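K.L.:
Please see the structure below; I have some questions.
Rule-based calculations on the coordinates, nothing more; no lab input. All of these numbers come straight from a predicted model, not from anything done at the bench. Methodologically, a virtual Cβ is constructed for each residue, glycine included, from the backbone with ideal geometry; neighbour enumeration extends over all protein chains shown.
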Amino acid sequence: MIGTKLADRYEILAELGRGGMGVVYRAKDPVLNREVAIKLIPPGNLTKDAEERFQREAQIVAQMDHPGIVPIHDLGRDEGALFFVMPVLPGTNLRSLLREGSLRLGDVLDVGMQVAEALDYSHARGIATTATRAASSTATSSPRTS
């Protein structure tokens with residue numbers, strides 16, 4: 001995938017991570033001249049149920065506006081794969097920081113509060129999630145987790 005173009009627009013630069021169903025890539029959006037993150041579910045993992053969940057997730061998140069929830073800028077298809085586009089966040093995922101043991105108590109409390117505020121925001125809108133985990137939370141200098 002690295003070095004290819006997705007949907008005749010996004011230039012795939014590097015792999016950022018893998019999950020149970022898909023892959024997250026760093027890409028270049030030449031139209032808006034910025035780097036983005038792309039979460040992609042390859043065709044082999046794309047069942048009808050998975051496709052519906054993925055599209056529903058993108059549509060729900062795209063309606064949210066909270067500093068602790070990463071916005072979704074685009075949803076698309078390419079050669080049977082389904083993807084959505086998000087900003088690239090600076091920082092390190094929480095799982096890595098936990099493994100390093102580099103978090104101080106104040107850091108843990110700060111991240112916990114940010115995650116709790118984002119969950120409260122989504123729950124107040126009737127949205128419950130089971131996807132909150134250390135690997136998908138990013139510690140940045142600004143109050144934003146994913």
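K.L.:
State to the nearest 20 debye the size of the charge dipole of the range 5-87 about its Cα centre, where the only charges are +1 on K and R beta carbons and -1 on D and E beta carbons. Don't skip to the answer; put the middle values down first.
P.N.:
Numbers: 11 positive and 13 negative charges, 23 e Å.
It comes to approximately 120 debye.
K.L.:
Continuing with the same structure: Relative to the Cα centre, what is the charge dipole magnitude of the chain, using +1 at the beta carbon of each Lys and Arg, -1 at the beta carbon of each Asp and Glu, and rounding to the nearest 20 debye?
P.N.:
That gives a dipole near 200 debye.
K.L.:
Separate question: Taking neighbour counts of Cβ atoms within 10 Å as a proxy for exposure, in what order, fewest first, do Lys28, Lys5 appear?
P.N.:
On the way: Lys28 16, Lys5 13.
Result, fewest neighbours first: Lys5, Lys28.
K.L.:
Give the separation of the Cα centroids, the range 83-128 to the range 1-64, in Å.
P.N.:
A separation of 20 Å, based on Cα centres.
K.L.:
Per residue of the range 78-84, what does 6.51 cos²θ - 1.76 cosθ + 1.60 with θ = phi - 60° give for ³J(HN,Hα)? Whole Hz please, x for Gly and Pro, Karplus curve as stated.
P.N.:
7, 6, x, 8, 10, 8, 10
K.L.:
Given Gln114, Gly101, Phe84, which one lies farthest toward the positive end of the charge dipole of the range 82-126, if we put +1 on the Cβ of every Lys and Arg and -1 on the Cβ of every Asp and Glu?
P.N.:
Towards the positive end, the residue furthest out is Phe84.
K.L.:
Now for a different question. Of Phe54, Phe83, how do they rank once you tally other Cβ atoms within 10 Å and put the fewest first? Each step should come with its number before you reach the end.
P.N.:
Values: Phe54 21, Phe83 24.
Arranged by neighbour count, lowest to highest, Phe54, Phe83 become Phe54, Phe83.
K.L.:
One-quarter of the Cα convex hull surface for the range 5-87, in nm²?
P.N.:
5.5 nm²
K.L.:
Using helices alone, I'd like the mean residue ellipticity at 222 nm for the chain: each DSSP H run of four-plus residues gives -39500 (n - 2.57), total over residue count, nearest 500. Don't jump to the answer; show the numbers that get you there.
P.N.:
Values: 3 runs with 42 residues, N = 146.
The helix-only estimate for the chain comes to -9500 deg cm²/dmol at 222 nm.
K.L.:
Working from Cα positions, state the angle (0 to 90°, nearest 10) between the long axis of helix 105-124 and the longest principal axis of the chain.
P.N.:
60 degrees
K.L.:
With a Förster radius of 35 Å, plug the Cβ-Cβ distance of Arg104 and Asn45 into 1/(1 + (r/R0)^6) and report the FRET value to the nearest 0.05.
P.N.:
Details: r = 38 Å, r/R0 = 1.09.
Here the calculated transfer efficiency is 0.35.
K.L.:
Just in the range 23-82: which GluC sites (Glu not before Pro) are loop by DSSP and have at most 10 other Cβ atoms within 10 Å?
P.N.:
Glu79
K.L.:
What angle, in degrees between 0 and 90 and rounded to the nearest 10, separates the Cα long axis of helix 48-62 from the longest principal axis of the Cα atoms of the chain?
P.N.:
60 degrees
K.L.:
Explain nothing, just the number: relative contact order of the range 7-125, from Cα pairs under 8 Å at least 6 residues apart, as a whole percent.
P.N.:
Numbers: 150 pairs, mean separation 23.7, N = 119.
Dividing the mean separation by the residue count of the range 7-125 yields 20 percent.
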